[in-house]
Structures are given as C-alpha cells and as structure tokens.
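For reference, the structure discussed in these notes is given below.
Values in this text are rule-based calculations from the coordinates and carry no lab data. Everything numeric here is computed off the predicted structure, so don't read it as measured data. Here the Cβ positions follow ideal geometry from the backbone for every residue, glycine too, while neighbour counts run over all protein chains shown.
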There are 2 protein chains.
Amino acid sequence: MYIHQVAAYLPAQVITNEHFTRLNGLSHEWIIERTGIRERRKAAPGENTNTMAVEATERVLAQAPLFPTAAVDLIVGATYTPHDTIYTVAHAVQRAIGVTDIPVVSISSACSSLLNAIEIVEGYFAMGKATRALVVVSEHNTAYNNENDTVAGHLWGDGASALLISKERLAPTDLRMLDLITAGAGGIGKADVAVTLKPVEKGIVMPHGKDVFIHACQYMASVTRKVLERNHLSVADVSWLIPHQANLRITRNVLQSLEMPEERAVSNIDRLGNTGCAGAAIALAEQLDQIQTGERVVITVFGGGYSYGAMLLER
Amino acid sequence: MYIHQVAAYLPAQVITNEHFTRLNGLSHEWIIERTGIRERRKAAPGENTNTMAVEATERVLAQAPLFPTAAVDLIVGATYTPHDTIYTVAHAVQRAIGVTDIPVVSISSACSSLLNAIEIVEGYFAMGKATRALVVVSEHNTAYNNENDTVAGHLWGDGASALLISKERLAPTDLRMLDLITAGAGGIGKADVAVTLKPVEKGIVMPHGKDVFIHACQYMASVTRKVLERNHLSVADVSWLIPHQANLRITRNVLQSLEMPEERAVSNIDRLGNTGCAGAAIALAEQLDQIQTGERVVITVFGGGYSYGAMLLER
C-alpha cells in the first residue's frame, strides 16, 4: 500500500508561551527547556475536531488529481478529543465529501491512533473491501484542556491532518508502506492513570508525566529498532524519523537511543505543541516534499493508555 | 472466521418507567407504546464503560476453555460513551487480562460499532496479523444522559458484551461468519444533528428522533436484504434476526418490511432499553444457546451519525 498525499490543517490563532507566563507564571525559558514548545495553535470558536478534519480532507483532495473524491471507498477517522462521539469525525468527513455506502469508522488509541488507523486500512485492503482510503487524524486538545493546569496545561495544541492511501501505486512519488507494527501496552506501568481524558469529569490531565516520558522514550526506540530489524535494515538506512510530537526531550532521548543525529528527526513541537494523534501526520505533511526518491522514513508513535507503533515507508 | 463465545454484563440497578413518571410525568403506558421499554439498567457509582467491559471480558473468557486468555492477539473495543478516551475501553481490557504487545484499539461508529469492530477483526485475520480476537462493546449511557429530557431521557440503558472470535473453528457450536457489510451514511438526512453526543457540551440528545427512526427502519431492512441476496439466501433461510436494540417499534417495522414473523426477532429492549452498540451483542449472548445447528442469524445495526451494517452467521 502507498501513501499518495498528505495535508494538514492548523487553526489560525497562535498561543505563545507568554500566555502561560501571564496565566500561571511559567516562564518562556522554563517551558522551552522542559518541552521545546514555543507556541501552539488554538481552534477558533465554532471550530472543532470535525471541522478541522474536514478542512484537512478538502486540502488533501485538492492536491490529488489522481485520487478523485468519488474513488474514496473507506474513511478512518481518529481522535481522543471528540466533538461528537456519535456523529464522529469520520462521519463528518463522509458528509463533507459526499461519498455514500462505504465503511466509515472513528478510532482512538490516544496519541498513537495514526498508525492504528493505517493498520485498519491495511486490513480492509487485505480483505479486498477497499482500495482507496482516507485517513483523518484530528485533535481539539484546547476543548478539553485546563489552561490553569501548571503541570500540563501548556503542552497541548490543536490541528488535523488527512492522508490518502491506495492499495496500488498511483504516482512515482507515492510513499510505499514497507511494514507497520502497532500494539497496546495497557498493562504497563501507570498506563491506567498516567494521562487520561475522562469526558464526564472533563479535562486532559497528566498526573504521572514521568511514567509517560519513560515509556514513550523506551517504546518508540524499541519498536523503531524492531521494524528495522525485521526488514533487515539498520538506523543508517533511515533518512527521516518522525516520532509522536509530544515533547522535544522525548524526541532527543529516542534519537540518542537509536544513535541517530538530530537533523534526521522531523519536529513541529516548537510551533505546534502536542497535537495528539495528528502530530506525526502533520509532520509528514510538512516534510513530504523534502523526502527524496529512495529515502526511507520511520514514523513511530506512543500514546497514553498506553500504546505504541512504528511504520516504515520508502519513497 | 467464527464467533466462539459471547457474554454480557449488566449492572444490577433496574430503573423502571415509574422513575420517569415521577421525574417527568411520562406514564408507563406512554413509554411502552412508543418504545417497548419497561425498564433499563444503570451502572453503579464507580462503574463505567471500562469496568463493565472488563466484567464482560472476564465472563466470556471463563466460559471458553478452548480460547485461553494468553491466546488473545487482538482487542477491539467500542463505545460512544467513553469513560476515558486515552486509557480506552480496549486498553482497560488489555490491562485486566494481562496480554502484552498485541494490537489494541477502540472505535466508535455509534450504535453500529459492533459490526465495525468485527470487520476490523476480519481485516486483521486477512492480513495474518491476528487469529484470536476479543471484541468488547460497552455503553455507559446514563453517564451522558439527561434524565429530565422528556424526548429521549427514558430510552437509554447501560451494559456491555464481549465476544471471542477466531480465524479457525474451535468448536462445533461456533457461529461461522458468512458475510459482513458495514457502511457509513453520514451524508444522509439529518445525520449531523439528529442524535449527538458532544462531550464538552455534555449529554446525548436526539432532537430529530423521527429522522433517526425513518432511516433506521429503512437501512436495517435494506442491508439485511442485501447481505442475504449476495449469499443467494432469502428471509425464509434466516432463523433469527438480531437488530440494533433501539426501539421495539423500529424492530417491528424492520420485521414488517422483511415479512418476517415477530417471534424470529431477538429483543431485549423491554428489559434493557437502548444499550447502544452493546445491545445487539447482549442479545446474541442471551440467545446463543437457543440457536440450533444449521440455523442462520442476521445481526443488523443502525447508528446515529449515521451508519449501518448486517452480518450473516450460521451455526
């Protein structure tokens, strides 16, 4: 299978670290040192997970004349910050693009959902039940975030991304998916309490950030090694690493474990904060034109709850 | 693929129609006439989507000596009433049963999620990435319901079900899955506004129940016909119809369209109300021992948002 095109949508409003200095007394330098985040985006009133997903979808389809809207035969949406759990992000996208009678589902495996969504697509392709899929990842973190939370309130940003995935190659520039691993790690460490979003109680909270940090570093490095090993490749064979965009210190820790130079990691944390399951897809959209023919990319993710994964691509 | 075992968990507290008579002045007779609901279950304080899913999982595994816990290699959870969108229902189940490093994901396609979850399993089986799956559907409607809502407050109940699904037959009593269709219908009618659960605004609301009713009747009948036609079967070849348990009037309307006698429909609406995506699975669990060798079952669902599906089983 092939990733044909990727696009991102970012809301216009920029929230700088100074906002949290005024609110909570956290200095720009303190936030930068601990997270690498300089600013993040915030959805406008009226925007939400569904509207951002539709924006990203319209952009990706506009960039893909070889992938006509009417050919879309599967939609997988992903979010842990739902606008509506019934009229889900995938259903809103279906309504916007006007395709009917195709499988449509939304998922959550927290920040790792991008790879779960793509693996579900892989399954539909394997069954012969689809050949042209639209994957949409969208997070409206600020809808659930408590800005006054001095522990994690400054981490989160909003954004969405849409990917067009086809069973057969459509263009020479398509990224071929060589391998994909996903797994839950719900039994590990403080997975049940470390980072949670309980909609009835409201709010994303991260009372055990250190537990998340340790496992994110460990799992993203180990699953990257695993996906490379089983394809008889080494870290030196990978041109670009796109980790989950949670925290620049996590990215640096993963790079160090893998003995990979920092310039090979794709990062948007400084500009966007943690955009949840959309983060790595937005990074792929932003990096897409820089990936040269023959270059390999690993996208590796870690989600609260916990779960992890790695996908190996080749242009 | 085969459904090996199914179990249900229902919270102990029973809420009768008299509760809504006291609260909102709705008479028992009025509720019965319009919905067929006599009573529904309500999760206790401390219970939620995740705990009910774990209860159902423990029951189904206890009933299945041929399907050891350690053999589970995929968990798909489903709910539109999440306790936690990060530590999701599937992750809580993974933690409870102690299996590691297997794909784990939670989904929502509203009340039709049972069939989406099983289709995702079908995909993992087709890829060769799993052979023994646990599907868990769980709804905590009362966590999001406004009991004072005279339009829909009396409809909802809580409950969960767990299904063990294997690629190969494990026992002569296993239900063979002959065919499965799922589809979104997000572009149809008032799919975007008819029934919604927006966690930030809280509450399940159904401002356009008539639109839901019309489409549920139409789609469940038509997709049942479709799944039968493409397997060269007729309604007479089906022993049991298990529709989404939303409203007895919808079930009767679907039966009438299909020219199927009422005694062939499996129904728990009177005792449980609308238990969302868990309803049809709970009904399957309750009916399981009554299905004779050679008999066929159709499970058909319709979800807000909208989406629909049908699955054809044979014992």
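For the reader, a short list of remarks on this structure follows.
- Distances between placed amide hydrogens fall under 5 Å for A:D179 paired with A:L312, all partners being 5 or more residues away or on another chain.
- Packing-based ranking, highest mean first, of A:148-160, A:57-69, A:266-278 given that Cβ atoms within 10 Å are counted: A:266-278, A:148-160, A:57-69
- Other-copy label distances relative to A:D270, 7 angstrom Cα-Cβ extension, nm: 6.8
- Between B:R38 and B:T21, the modelled label-to-label distance comes to 1.4 nm, taking each label 7 Å out from Cα in the direction of the beta carbon.
- log₁₀ of I(q)/I(0) at q = 0.08, 0.09, 0.11 Å⁻¹ - the protein assembly as shown, Debye sum with one point per alpha carbon: -0.52, -0.66, -0.99
- Per-residue 3J(HN,Hα) values for segment B:152-165, derived from phi via the Karplus relation 6.51 cos²θ - 1.76 cosθ + 1.60 with θ = phi - 60°, read 9, x, 8, 7, 9, x, 10, x, 8, 8, 10, 10, 9, 10 Hz in sequence order (x marks Gly and Pro).
- Ascending list, in nanometres, of distances separating the B:Q13 label from those of the other copies (7 Å, Cα toward Cβ): 3.7
- Debye-sum result for segment B:175-314 in log10 I(q)/I(0), which assumes one identical scatterer on each alpha carbon, at q = 0.16 Å⁻¹: -0.80
- Residue list for segment B:81-113, given a label point 7 angstrom along the Cα-to-Cβ vector of A:K226 and an amide N cut-off under 14 Å: B:99-104
- In this simple spin-label approximation, B:A12 and B:D149 carry label points 7 Å from Cα along the Cα→Cβ vector, and these lie 2.9 nm apart.
- Take the Kirkwood radius over Cα pairs of segment A:155-217, plug it into Stokes-Einstein at 4 °C and 1.567 mPa s, and you get 83 µm²/s for translational diffusion.
- Mean partner shielding of peptide A:177-189, defined as the number of other chain Cβ atoms within 10 Å of each residue Cβ, is 5.
- Here is what passes the span test in chain A: the DSSP H helices with alpha carbon length of 18 Å or more along the helix axis and a Kyte-Doolittle mean of -1.0 or above are A:49-62, A:113-127, A:209-229.
- Distant-in-sequence amide H partners of B:N274 (H built 1.01 Å from N, under 5 Å): B:W156, B:G157
- Note on segment B:274-307 and segment B:26-79: Cα centroid distance 13 Å, given to the nearest whole angstrom.
- Largest-first principal axis extents of the Cα set of chain B (Å): 53, 45, 36
- Nm distances between copies for A:H28, ranked from closest, using label points 7 Å along Cα→Cβ: 7.0
- For the rotational copy pair A/B, the chain A residue whose Cβ lies nearest the symmetry axis, together with its distance in Å, is A:G123, 1.
- By the rule of a C-alpha distance below 27 Å, with chain neighbours fewer than 8 residues away ignored, the lysines paired with A:K42 are A:K198, A:K202, A:K210, B:K198, B:K202.
- Comparing segment A:2-166 with the 2.2 N^0.38 Å rule of thumb, its C-alpha radius of gyration ratio is 1.13 (two decimals).
- The modelled label-to-label distance between B:T69 and B:V200, using points 7 Å beyond Cα along the C-beta direction, is 3.9 nm.
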